[in-house]
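This report refers to the structure that appears directly beneath it.
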Amino acid sequence: MSITASTLAAARCAHQVTALDDAAVKEHLAALPDWTIDGGKLARAFAFKDYYQTLAFVNAIAWIIHAEDHHPELAVSYNRCGVKFDTHSVNDGRGGLSVNDFICAAKVDAVFAQRGAS
């Protein structure tokens, strides 16, 4: 079964102790083409019209992040929000990327895709 953004967005995070290897990271990354690897973290920048839209996005993803108990690094400015995921508990606490990072990234993408859709 191939990995897609839809299957990732439908999944739930679970405790991870083993990081994905390079091949698995590449396979998961292919499902999320707007994301990149930056300093060992799964990263994406989101652009908005104004500060209100930026904060509305941050508040919307905060609910998902809390529900999944998998918290990214956020960099918030007037019309941009940078999101970076990694998993601190993998590799004996040395960190790395796990499937949880990709699950949450897909969920964040789904929120972003819904802006203005109502």
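The values are calculated or read from the model by the stated rules, or taken from the named source; none is laboratory data. In this text the structure is predicted, and so the values were computed from the model without any measurement. As a convention, Cβ positions derive from the backbone with ideal geometry for all residues, glycine included, and neighbour counts pool all protein chains shown.
Return a yes/no flag: does the stretch 9-20 have any residue that is under 11 Å from the mean Cα position of the chain (by Cα), loosely packed, with under 15 Cβ neighbours inside 10 Å and of a type in the set (Ser, Thr, Tyr). Show your work before the answer.
Filtering the stretch 9-20 for residues under 11 Å from the mean Cα position of the chain (by Cα) gives 9.
Next cut, loosely packed, with under 15 Cβ neighbours inside 10 Å only: none.
There is no residue in the stretch 9-20 that is under 11 Å from the mean Cα position of the chain (by Cα), loosely packed, with under 15 Cβ neighbours inside 10 Å and of a type in the set (Ser, Thr, Tyr).
I'm trying to understand the selection: among the residues of the stretch 93-108, which are in contact (Cβ under 8 Å) with a residue 12 or more places away in the chain and out of contact with any strand residue (DSSP E or B) (no Cβ under 8 Å at 6 or more places or on another chain)? Before you say what the answer is, go through the steps one by one.
So in the stretch 93-108, the residues in contact (Cβ under 8 Å) with a residue 12 or more places away in the chain come out as 95-108.
Within the stretch 93-108, Val99, Ile103, Ala106, Lys107 meet the criteria.
Could you say which residue among Thr87, Thr36, Thr54 is of a type in the set (Ser, Thr, Tyr), surrounded by 12 or more Cβ atoms within 10 Å (Cβ to Cβ), touching a strand residue (DSSP E or B) at 6+ places or on another chain (Cβ under 7 Å) and without any contact (Cβ under 8 Å) to a residue 12 or more places away in the chain? Can you show your working first?
On the way: Thr87 fails: without any contact (Cβ under 8 Å) to a residue 12 or more places away in the chain; Thr54 fails: without any contact (Cβ under 8 Å) to a residue 12 or more places away in the chain.
Thr36 is the lone residue from the list that is of a type in the set (Ser, Thr, Tyr), surrounded by 12 or more Cβ atoms within 10 Å (Cβ to Cβ), touching a strand residue (DSSP E or B) at 6+ places or on another chain (Cβ under 7 Å) and without any contact (Cβ under 8 Å) to a residue 12 or more places away in the chain.
Scanning the stretch 5-28 for residues that are at pLDDT 95 or above and of a type in the set (Val, Ile, Thr), which turns out farthest from Gly40 (Cα to Cα)?
My answer is Thr7.
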